[in-house]
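> If you scroll down you'll find the structure; I have some questions about it.
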């Protein structure tokens, strides 16, 4: 039995799955988890339920934070929407902090709700991204980096030790690389590969 996760461009209407944007249907499987999303290269990000996004904290309040997710409006992240968070033990994010989260509820004419609580992952993968370096890419290219068979990510992983967090909103965050030089090398490799049409097969 599979656990399904619906990402960019797919919404659930009762027992039916509905594509809410034009593009190519993509799927990936990890263990018993199956993920589905629509791959399309739109110029502006429009939040969709269960999208994985990287946001920048632009405002902090007593009970929540407002994040810039490159959408038509900011997203709201509750201070209690973190693994293990309580009223006495809440994360303390600062203006400019980078956060990896998911869209828990998206709205066409209002701020979307964000969460760092995982519904499908067994271990915490969301939260503040500390250190590292951020680059921005086109939305379609960022989504392609999430594919298990992505040539660029897999090739770099065979030769360099690094961690990467990719947002459906076109933001890519590097964390925990061994050195600044290596971080810059990896960032440039991924950025340049977006425009290299010759990368069509795994050369590694």
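> If you take the residues of segment 82-97 that are touching a strand residue (DSSP E or B) at 6+ places or on another chain (Cβ under 6 Å) and assigned to a loop (DSSP other than H, G, I, E, B), which of them is nearest to residue 48 (Cα to Cα)?
97
> Still on this structure, I have one more. Out of the residues in segment 161-180 that are modelled with pLDDT of 90 or more and part of a loop (DSSP other than H, G, I, E, B), which is surrounded by the most Cβ atoms within 10 Å (Cβ to Cβ)?
By that ranking, first place goes to 167.
> Can you name every residue in segment 7-33 that is out of contact with any strand residue (DSSP E or B) (no Cβ under 6 Å at 6 or more places or on another chain) and at pLDDT below 70?
Within segment 7-33, 29, 30, 31 qualify.
> Yes or no: segment 65-81 includes at least one residue that is modelled with pLDDT under 90 and part of a strand (DSSP E or B).
Looking for residues that are modelled with pLDDT under 90 and part of a strand (DSSP E or B), one finds none in segment 65-81, hence no.
> Right, something else. Only one of (1) more than 24 Å from residue 188 (Cβ to Cβ); (2) at pLDDT 95 or above is not met by residue 54, so which one is it?
(1)
> A follow-up question, please. Which one of 98, 93, 146 is under 12 Å from residue 65 (Cα atoms), buried (at least 16 other Cβ atoms within 10 Å of the Cβ) and touching a residue at least 60 places away in the same chain (Cβ under 8 Å)?
98
> I would also like to ask the following. From the list 127, 71, which residue is touching a residue at least 60 places away in the same chain (Cβ under 8 Å) and under 23 Å from residue 35 (Cα atoms)?
Testing whether each residue is touching a residue at least 60 places away in the same chain (Cβ under 8 Å) and under 23 Å from residue 35 (Cα atoms) leaves just 71.
> Take residue 131 and decide whether it is surrounded by 18 or more Cβ atoms within 10 Å (Cβ to Cβ), at pLDDT below 90 and at positive phi.
Considered against the rule, which asks whether it is surrounded by 18 or more Cβ atoms within 10 Å (Cβ to Cβ), at pLDDT below 90 and at positive phi, residue 131 comes out as no.
> Within segment 101-112, take every residue that is surrounded by 16 or more Cβ atoms within 10 Å (Cβ to Cβ) and assigned to a loop (DSSP other than H, G, I, E, B) and give me the one that is modelled with the highest pLDDT.
111
The values are calculated or read from the model by the stated rules, or taken from the named source; none is laboratory data. Here the structure is a predicted model, which means the values were calculated and not measured. Cβ atoms come from the backbone with ideal geometry, glycine included; neighbour counts cover every protein chain shown.
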